[in-house]
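First comes the structure, then the notes that go with it.
The values are calculated or read from the model by the stated rules, or taken from the named source; none is laboratory data. All figures in this text were calculated on a predicted structure; none of them were measured in a lab. No Cβ is skipped: glycine too gets one built from the backbone with ideal geometry, and neighbour counts run over all protein chains shown. Accessible surface areas use protein heavy atoms only, side chains included; no ligands, DNA or RNA. Shrake-Rupley method; radii C 1.70, N 1.55, O 1.52, S 1.80 Å.
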Amino acid sequence: MMQTFIGGASLRNPVLLASGPAGYGLEYEGLVDLRRLGGVVTKTITLEPRAGNPGRRLQETGGGLLNSIGLENVGAAVFFSEKLPALLEAGIMPVVSLGAEDWDDYLRLLDAAAGREGVDVVELNLSCPNVERGGMAIGTDPELVALYVRHAKETLGDAAVIAKLTPNVSDITTLALAAEQAGADAITAINTVVGMDIDVEQRRPVFRRVRAGLSGPAIMPIALDAVWRISRVVDIPVIGSGGISSVRDAMKFFMAGARAVQVGTAVFYDPALPEAIVDALERDGLPGSLP
């Protein structure tokens, strides 16, 4: 049985595209049969449109990709009036990623999302390290994690709420427990790992904001460890995300305790991977979690 439940929401299978590389969901039409996947996590949507960070935004590394996008997006009004209806019309299961820089914007964003058709599953981006205000402070403080999750549950009604957690803390399990106790329906582990790079010839950091988020194969052991530890202290589903670049990698996450997986950076160079994971699960079934 491939059907996967997050709160009261049903996904056709436990394979999703991660927020960020998937854009608003339809950018990979023609490369990936998105209807075969359990869902597509959209770019993080903020209340107002964001132009994103100035200067260079992407830098390849030996084992992954540094990004300093800065949550560039069209804003809630355009997303809910144009992008989300297009996803639904195409028969794709959206998981709407929400983020905010301050509390008032967050409350207004939740109000904008509440009751919308297609807002059945929401992923709260509590951990993006590219925004100077908000995300980082929220995602590293268990009390703030609980506050944001609790208000999402109260405002969004029957929608399932997933808390996406940062690995840039001393103990990610305290964040997971805070989210669960506040009513989260699932945990996504992990978001990007903070890093930087230097332009040797120019003698300056590659990114104007200096620090950026590292994704790709280099962070998979960190993500795998986070899933292993979180799944052993919470009862809600854990969604593994971070560095998956093969079917074998995905199976490791299920063995570590994940109930679902998200594929992110790998779709840039292997867009067939998400469907390959679905094929393997349909053929062989879910591997059991290790004791």
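Quick notes
- Prolate/oblate/rounded call for segment 243-291, Cα gyration tensor, a/c under 1.5 rounded: oblate
- Taking all Cα pairs closer than 8 Å and separated by 6 or more residues, the relative contact order of the chain comes to 19 percent.
- Taking a ≥ b ≥ c as the square roots of the eigenvalues of the Cα gyration tensor, an a/c ratio of 1.5 or more together with a/b no larger than b/c marks segment 210-291 as oblate.
- Relative contact order of segment 136-262, pairs being alpha-carbon contacts under 8 Å that are 6 or more residues apart, as %: 21 percent
- Where GluC sites (Glu not before Pro) fall in DSSP loop in segment 99-128, at most 11 other Cβ within 10 Å: GLU117
- Quick note on segment 131-217: its Rg to Rh ratio, both from C-alpha atoms and Rh being the Kirkwood radius, is 1.10.
- Per-residue ellipticity at 222 nm, computed for the chain from helices alone with -39500 (n - 2.57) per DSSP H run of at least four residues, works out to -8500 deg cm²/dmol.
- The overall shape of segment 33-112 is oblate: from the C-alpha gyration tensor, with semi-axes ordered a ≥ b ≥ c, the ratio a/c is 1.5 or greater and a/b is no larger than b/c.
- Share antiparallel - DSSP beta bridges, segment 29-105, percent rounded to 5: 55 percent
- Rounded to the nearest 20 debye, dipole of segment 1-83 from Cβ charges on Lys, Arg, Asp, Glu: 120 debye
- The label point for THR174 and the one for LEU88, both projected 7 Å from the Cα toward the Cβ, are 4.1 nm apart.
- Cβ-based charge dipole, segment 195-291, positive-most Cα from PHE253, VAL234, PRO217: VAL234
- The Stokes-Einstein estimate for segment 68-197, based on a Kirkwood radius over Cα pairs and taken at 25 °C with 0.890 mPa s viscosity, is a diffusion coefficient of 164 µm²/s.
- Annotation for segment 177-236 versus segment 13-61: alpha-carbon center distance of 17 Å.
- A dipole drawn for segment 1-89 from +1 and -1 charges on Cβ atoms has a positive end, and of THR46, GLY63, VAL32 the residue lying farthest that way is GLY63.
- Over the chain, accessible surface divided per residue gives 42 Å², non-protein components excluded, 1.4 Å probe.
- Share of carbon and sulfur in the accessible area of segment 100-241 stands at 47%, probe radius 1.4 Å.
- Distance (nanometres) between label positions extended 7 Å along Cα→Cβ at ARG56 and SER81: 3.8 nm
- Pairwise label distance in nanometres, LEU31 with ASP284, each label 7 Å out on the Cα-Cβ vector: 2.6 nm
- Computed extension length for ASP199-ARG12: 62.8 nm, one decimal, from 0.36 nm per residue of separation with the Cα-Cα distance subtracted.
- Cβ charges +1 (Lys, Arg) and -1 (Asp, Glu), total dipole of the chain, debye: 500 debye
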